[in-house]
Amino acid sequence: MIELQRPRRLRQSANFRSIAKETEIITNKLMLPLFVTDGSKVNKPHPKLPGCVTYSLDELKVFLKSTKDLGVKSYLLFGVSEKRDENGSEALNSDSPVCKAIQEIREMTPEAIVCTDVALDPYTSHGHDGLYKDREVLNDETVDVLCKMSVLHAEKGAQLIGPSDMMDGRVQAIRQSLDESNFLNVGIMSYTAKYASSLYGPFRDTLSSEVKGDKKTYQMDPANRREAIRELDLDIAEGADIIMVKPAVHYLDIISDFSERSDRPVAAYHVSGEAAMLEAGAAAGLFDRRRAIEETSISIFRAGADIIASYFTLDLVRWSNGGSTLK
Ligand code: PBG
């Protein structure tokens, strides 16, 4: 018979639980996704996911002012555009809302990190992340455009480039282009294992993105775990600074694999569909919203993520400051 062990000793009070706690939500490690568009007076939360908001530039400024004191450390920027064409040419427009927003954020909060999403899907008429010819998403031709887009964002002041397109070889090509343009300190947060997930719905609503067919020839099959290791090794060899897994909660095993295998920070994108599920469940009275969001976020950290891109960033920051949810 083994001696009776009493693990409950460490759970007997809030202070005991607190010193025994293995994982904390560190709000410095949250990235806030922001969506920016043309026009003025646009401040449009997704109806099912209030943390997913599209701003015009004037409203973005108001937002940044109002959240200045909260101390959000990093932003993940996406474009929302009606200017769509076959080649996604708006991606290379140096006056696009994304380009202006990069400058605006860098000016208003110089210490905050701006990471931009690099892919063509906000700007293509077919909704694909790359160039699309004869029902095929072209790899190398797309990579050339992504390199130009990355350099453009770096010129505007982005400190991190986030290629989310899953083309082969893009990390190496983007690194080389940034270096050639002397952006040696601009990093790459690669969407290393991005799965062809059903959970991007609210994001695609936000972009008004209708994809011709699906993205399965470039995004990964949700069934595959070893293949993610292959992508990881490639991205590390190609020079990614931060590696990302996306979505997050359904892919905790991948996050755990990455954190064990890699010497780079691991980011996880808690994507729009995952976040909207929590909002829907809480709205239906199935569970407490705050507890569910905190538990989910801590689970992603516990699995091994160092960074989370989260639509709940503002809530989590306010809660950690002792505040309550703003409605
Ligand atoms: C595409 C992109 C997507 C997301 C981020 N970048 C959607 C897609 O691949 O179709 C999804 C993010 C989310 O759902 O929150 N470049």
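Bear in mind these aren't lab numbers, they're just calculated from the coordinates by the rules spelled out. No experiment lies behind these values; they were computed from the predicted model shown. With ideal geometry, Cβ positions are generated from the backbone for all residues, glycine too; neighbour counts draw on all protein chains shown.
Structure notes:
- Candidate aspartates and glutamates - alpha carbon under 19 Å from K61, same-chain residues fewer than 8 apart omitted: D38, D69, D95, E104, E107, E111
- The phi torsions of the range 135-151, fed into the Karplus equation with coefficients 6.51, -1.76 and 1.60 and a -60° offset, translate into couplings of 6, 10, 8, 7, 7, 5, 5, 5, 4, 4, 5, 4, 5, 5, 4, 5, 5 Hz, rounded to whole numbers, with Gly and Pro shown as x.
- Sequence-separation-based contact order of the range 4-131, relative, with Cα cut under 8 Å and 6+ spacing, percent: 23
- Taking Cα atoms only, the orientation of helix 57-67 departs from the longest principal axis of the chain by about 20 degrees.
- Rg/Rh, computed from the Cα trace of the range 190-327 with Rh as the Kirkwood radius, has the value 0.99.
- For the range 4-9, Karplus couplings with θ = phi - 60° (6.51, -1.76, 1.60), whole Hz, Gly/Pro x: 5, 9, 10, x, 5, 3
- Positive minus negative residues near P163 (Lys, Arg vs Asp, Glu; Cβ under 11 Å): -2
- With a threshold of 23 Å on the Cα-Cα distance, the over-threshold entries among K29/K65; K133/K212; K48/K246; K21/K68; K212/K246; K100/K194 are K21/K68; K100/K194.
- Scoring 310-317, 206-213, 272-279 by mean Cβ neighbours within 10 Å over their residues and listing the highest first yields 310-317, 272-279, 206-213.
- Each stretch of four or more DSSP H residues adds -39500 (n - 2.57); spread over every residue of the chain, this sum gives -11500 deg cm²/dmol at 222 nm.
- The protection proxy used here, the mean number of other Cβ atoms lying within 10 Å of each residue, ranks peptides 189-198, 172-181, 215-224 as follows, highest first: 189-198, 172-181, 215-224.
- If the Kirkwood radius is taken over C-alpha pairs of the range 55-126, then at 25 °C and 0.890 mPa s the Stokes-Einstein diffusion coefficient equals 189 µm²/s.
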